[in-house]
Amino acid sequence: MSDQVSSLWVKKADLPQSEWRSSSTPELADGQILLEIEKYALTANNITYAAVGDGFGYWNFFPTGDADWGIVPVWGFAKVVASKQDGIAVGERVYGYLPMASHLLVSPGNVTEAGFVDHAEHRQGLAIIYNQYHRLGTDAGQMEDERALYQPLFTTSFLIEDMMRKADWYGAEAVLLTSASSKTALGLAQVAKNLSPNIKRIGLTSAGNKAFVEGTGLYDEVLTYDDLPSADASQAIVSVDFAGNSTVLAAIHSHWDANLKFSSMVGATHFEERTGRGDLKGPEPILFFAPTAAESLMKEVGPATFRAMVDEQFAAFVASVANYLSVEHLAGPDALQSAYLEMLANKVAPSRGLICAIG
């Protein structure tokens, strides 16, 4: 086991400013385990965590001890390399919420054969969905890359559709998805196609991504941002904004006005354009926070049923994206930092799925 751990620190007020920092491997207290991070997915979702980090506590999961710097959370796989927790052995693998780092010190609680919860003091009061770790045994499983890349995003997609369907889509005939090439938007389009087939799915994307979005077959109509002024404003719609671009959001509100029945804000793909909303026509945008929605649905149907509901749709999604989303493996600190900066600048092609390994 290495005597050093490393992590990518990011300046909270200036997200492109980032640097790898090393420190001594922590000593374990009784009940703790040390995870060595094997691989994680890097997606626009991670940029959202950074862009809204202070507002939603994302920086609090993996604190640096410096208020100006944070570590961006990711989803991935890790291996136990040291353990002082009875029942969790060295060599065991887990899946869950991880830092962009080489290692993570965890204090497992509520330990079962299926998983555990990190009971570290600094994680108390944070959303439970991010504190859970799934135990995987010692062998690699099937579709691990796809799980890391798509499942956290897809769960958000699933929950948005569930909310909209329970509200009868607020009386709308269509749903408009910004950043339509993003994996969360693609997931929502897939679930809506399966579970709400009567709702028209309209994708809004850049001119450069239009052909890709059309090629997925998940949307009934694909518009570029330049097409927005000529879009049919007579139909009642709901808007799901994944981009976080205040100019685009204002244009949507202005164009549909009273025919915009509900406005949901989800992500912040274009982090540099997240400015004040100002005076918007139509309904007040509502920020969708997936952990709250997940906890509510789990209380309603039970955790096992919730997972089964998501997994059924997730399997269909993975099958549908196999032809147009590729998995690309990156290794080494320099490659990972470059990938983070590319994703931050919105320069990663939507067809690329990035799996990162420090070693």
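The values are calculated or read from the model by the stated rules, or taken from the named source; none is laboratory data. Because the structure is a prediction, the values reported are computed rather than measured. For neighbour counting, all protein chains shown are included, and Cβ atoms are generated from backbone atoms with ideal geometry for every residue, glycine included. Heads up: the accessible areas ignore ligands, DNA and RNA and are worked out on the full protein's heavy atoms, side chains in. Shrake-Rupley method; radii C 1.70, N 1.55, O 1.52, S 1.80 Å.
For helix 144-166, what angle does its Cα long axis make with the longest principal axis of the chain, in degrees from 0 to 90 and rounded to 10?
The helix 144-166 is inclined about 40 degrees to the chain.
Pop out the ³J(HN,Hα) list for region 344-358 in order, Karplus 6.51 cos²θ - 1.76 cosθ + 1.60 with θ = phi - 60°, rounded to Hz; leave Gly and Pro as x.
Once rounded to whole Hz, the list reads 4, 7, 6, 10, 8, 4, x, 7, 8, x, 9, 10, 10, 9, 5.
Find, among the GluC sites (Glu not before Pro) in region 109-164, those assigned to loop by DSSP (not H, G, I, E, B) with at most 16 other beta-carbon atoms within 10 angstrom.
On the way: sites: 113, 121, 144, 146, 161; in loops: 113.
For GluC sites (Glu not before Pro) across region 109-164 that sit outside H, G, I, E and B with at most 16 neighbouring Cβ atoms in 10 Å, the list reads 113.
In a shell of Cβ-Cβ distance under 14 Å around residue 84, excluding residue 84 itself, what net charge do Lys and Arg (+1) and Asp and Glu (-1) give? Present the calculation step by step, with values, prior to reporting the outcome.
Working: positive: none; negative: 27, 30, 86, 92.
Net local charge, residue 84 excluded: -4.
Placing +1 on the Cβ of each Lys and Arg and -1 on the Cβ of each Asp and Glu in region 213-344, which of 224, 310, 333 has its Cα farthest towards the positive end of the resulting dipole?
Working it through, the farthest residue towards the positive pole turns out to be 310.
Can you tell me the accessible area per residue over the chain, all protein chains present, probe 1.4 angstrom, in square angstrom?
Counting only protein heavy atoms, the per-residue value for the chain is 42 Å².
State the percent of C-alpha pairs, over all pairs in the chain, separated by a distance greater than 40 angstrom.
Working: 8093 of 64261 pairs.
Within the chain, distances greater than 40 Å cover 13 percent of Cα pairs.
Binning at 10 angstrom from zero up to the longest distance, how are the C-alpha pair distances of region 239-359 distributed in percent?
11, 25, 32, 28, 4, 0
Once the Cα atoms of helix 183-195 and of the chain are each reduced to a long axis, what angle between those two axes, in degrees from 0 to 90 to the nearest 10, is obtained?
Approximately 60 degrees, to the nearest 10.
For region 250-257, in order, what is each residue's ³J(HN,Hα) by Karplus, 6.51 cos²θ - 1.76 cosθ + 1.60 with θ = phi - 60°, in whole Hz (x at glycine and Pro)?
5, 5, 4, 4, 5, 6, 8, 6
Dipole of region 71-177, Cα-centred, from +1 at each Lys and Arg C-beta and -1 at each Asp and Glu C-beta, to the nearest 20 debye? Working shown, then result.
Values: 8 positive and 13 negative charges, 56 e Å.
So the magnitude is around 280 debye.
Nearest 5 percent is fine: what portion of the DSSP beta bridges confined to region 143-290 is antiparallel? Don't jump to the answer; show the numbers that get you there.
On the way: 0 of 19 bridges.
Restricted to region 143-290, the bridges split so that about 0 percent are antiparallel.
Grab the DSSP H runs of the chain that are 4 residues or longer, score each as -39,500 (n - 2.57), total them, divide by all residues and round the 222 nm result to the nearest 500 deg cm²/dmol. Numbers along the way, then the final one.
Details: 10 runs with 113 residues, N = 359.
Using -39500 (n - 2.57) per qualifying helix, the result is -9500 deg cm²/dmol.
How far is helix 290-301 tilted, in degrees, relative to the longest principal axis of the Cα atoms in the chain, given as a value from 0 to 90 rounded to the nearest 10?
Approximately 90 degrees, to the nearest ten.
Which value, in Å³ per residue, describes the convex hull spanned by the Cα atoms of region 31-144?
In region 31-144, the Cα convex hull volume per residue is 103 Å³.
Set the Förster distance to 22 Å, then compute FRET efficiency between residue 139 and residue 326 from the Cβ-Cβ distance, nearest 0.05. Mind showing how you got there, number by number?
On the way: r = 25 Å, r/R0 = 1.12.
That pair, residue 139 with residue 326, gives E of 0.35.
Sequence neighbours fewer than 8 away in the same chain don't count; with that in mind, list the aspartates and glutamates whose C-alpha is under 18 Å from residue 261.
List returned: 161, 162, 168, 173, 232, 241, 279, 284.
Testing the spin-label approximation: label points 7 Å from Cα along Cα→Cβ at residue 30 and residue 90. State their distance in nm.
Here the answer is 2.1 nm between the modelled labels.
Is there a quick way to get the dipole size of the chain? I mean about its Cα centre, with the Cβ of Lys and Arg at +1 and of Asp and Glu at -1; what is the value in debye to the nearest 20? Don't skip to the end; give the middle numbers.
Working: 25 positive and 42 negative charges, 64 e Å.
About 300 debye.
Once region 306-359 is represented by equal point scatterers at the alpha-carbon sites, with solvent omitted, what log10 I(q)/I(0) does the Debye formula produce at q = 0.16 Å⁻¹?
Taking Cα atoms of region 306-359 as identical point scatterers yields -0.64.
Would you work out what percent of the accessible area of region 190-337, with all protein chains in place, is carbon or sulfur (probe 1.4 Å)? Spell out each step's value before the answer.
Working: 3480 of 6860 Å².
Carbon and sulfur: 51 percent of the exposed surface of region 190-337.
How much length is gained if the chain between residue 121 and residue 300 is pulled fully straight, taking 0.36 nm per residue apart and subtracting their Cα-Cα distance, in nm to one decimal?
On the way: separation 179, 0.36 × 179 = 64.44 nm, distance 2.85 nm.
Stretched fully, the residue 121-residue 300 segment lengthens by 61.6 nm.
Which distance in Å, rounded to a whole number, links the C-alpha centroids of region 99-127 and region 133-185?
If you average the Cα positions of each part, the centres end up 23 Å apart.
So what's the gap between the Cα centers of region 283-301 and region 6-43, to the nearest angstrom?
29 Å
How large is the translational diffusion coefficient of region 88-170 in µm² per second when you combine the Kirkwood radius over alpha carbon pairs with Stokes-Einstein at 4 °C and 1.567 mPa s? Please report the intermediate quantities before stating the final value.
On the way: Rh = 14.9 Å.
Result for D is 87 µm²/s.
Take the cross-link list 193/281; 193/299; 12/183; 11/183; 11/193 and give me the ones stretching past 31 Å between alpha-carbons. If you can, show how the numbers build up before the last one.
Values: 193/281 29 Å; 193/299 26 Å; 12/183 25 Å; 11/183 26 Å; 11/193 40 Å.
Among 193/281; 193/299; 12/183; 11/183; 11/193, the Cα-Cα distance tops 31 Å for 11/193.
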